[in-house]
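Each remark here refers to the structure printed beneath this line.
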Amino acid sequence: MISLLFILACSDPTPPTPEVAAPPAVEAPAAPTKADEEAAIERAKESAKKLGGTLKAKVVEGLAGEGPAKTLEMCSQEAQGMTALVAGETGVRVGRASTKLRNPANAGPEWVQAWLAEVAETATADIKPHTEVVDVDGTRVARFVAPIAVGEPCLACHGEPAEDVQAALAKAYPNDAATGYTAGQLRGALWAEADVTP
């Protein structure tokens, strides 16, 4: 009886801990390659081109049909939606920017404003599109920016507008700063940002 008590007292009452398998190693995401960066730059370029083409086609159609005042009204109601649509379709942040804004929503990111300031004294014909890949909060981002020059059709709303266009401007854009241009001047920029993904 004493030996039984001795055995019970000396035995470990806790059951053995089962061995737990180590969790499988998680591989770090692959770093983007040069080819990934080039693909992202191309996506940014194509998205900016798509936005520019979409807006230009709508403006040309409006000017040929209903005239400048109605086209201006259309722009004030639809341009931001068209920009959002292109961004949604392409998965790329995209927009227009200027140093003389008509719509404050088109101010653009700081890097675009810096580019516009850098090229401000350059003849528009000599301004080339710019691309770069940068780190933004730990993400590689491809950027594209290209100049928008004032063409002859643009002057109806961005040159010396007629009275009906001035009235439409006052209604839609009370703080408009985007008139007084001449053909060939730099109006602003088309820009796009695409995340670089492996």
Taking segment 129-175, which residues are more than 28 Å from residue 64 (Cβ to Cβ) and among the small types (Gly, Ala, Ser)? 138, 142
Do we find that residue 69 is farther than 24 Å from residue 165 by Cα, open to solvent by less than 60 Å² (accessible area, probe 1.4 Å) and part of a helix (DSSP H, G or I) in this structure? no
In segment 107-131, what residues are at pLDDT below 95, assigned to a helix (DSSP H, G or I) and open to solvent by 30 Å² or more (accessible area, probe 1.4 Å)? 125
Restricting the search to segment 159-198, which residues are under 30 Å from residue 31 (Cα atoms), not small (Gly, Ala, Ser) and not in a loop (DSSP other than H, G, I, E, B)? 190, 191, 193, 195
Please work out which residue is nearest to the chain's Cα centre (by Cα), limiting yourself to segment 167-190 and to residues that are of a type in the set (A, V, I, L, M, F, W, C) and buried (at least 18 other Cβ atoms within 10 Å of the Cβ). 190
If residue 74 satisfies every condition in (1) at pLDDT 95 or above; (2) open to solvent by less than 40 Å² (accessible area, probe 1.4 Å); (3) assigned to a helix (DSSP H, G or I); (4) over 20 Å from residue 186 (Cβ atoms) but one, which is the exception? (1)
Taking only pairs six or more apart or across chains, which ones have beta-carbon atoms under 6 Å, a first residue in segment 72-99 that is under 21 Å from residue 147 (Cβ atoms), and a second residue that is part of a helix (DSSP H, G or I) and aromatic (Phe, Trp, Tyr)? none
Residues in segment 104-121 that are more than 16 Å from the chain's Cα centre (by Cα) and within 15 Å of residue 190 (Cβ to Cβ): how many? 1
With the condition kept exactly as written, say whether any residue in segment 33-43 is in a helix (DSSP H, G or I), in contact with a helix residue (DSSP H, G or I) (Cβ under 9 Å, 6 or more places away or on another chain) and either among the hydroxyl-bearing types (Ser, Thr, Tyr) or modelled with pLDDT of 95 or more (or both). yes
Can you name the residue in segment 134-166 that is small (Gly, Ala, Ser) and open to solvent by 40 Å² or more (accessible area, probe 1.4 Å) and, of all such residues, is nearest to the chain's Cα centre (by Cα)? 138
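The values are calculated or read from the model by the stated rules, or taken from the named source; none is laboratory data. Note that this is a predicted model, so its numbers are computed, not measured. Quick reminder, even Gly has a Cβ in these numbers, built from the backbone with ideal geometry, and neighbours come from all protein chains shown. Note: accessible area is taken over every heavy atom of the protein model, side chains too, but ligands, DNA and RNA are not part of it. Shrake-Rupley method; radii C 1.70, N 1.55, O 1.52, S 1.80 Å.
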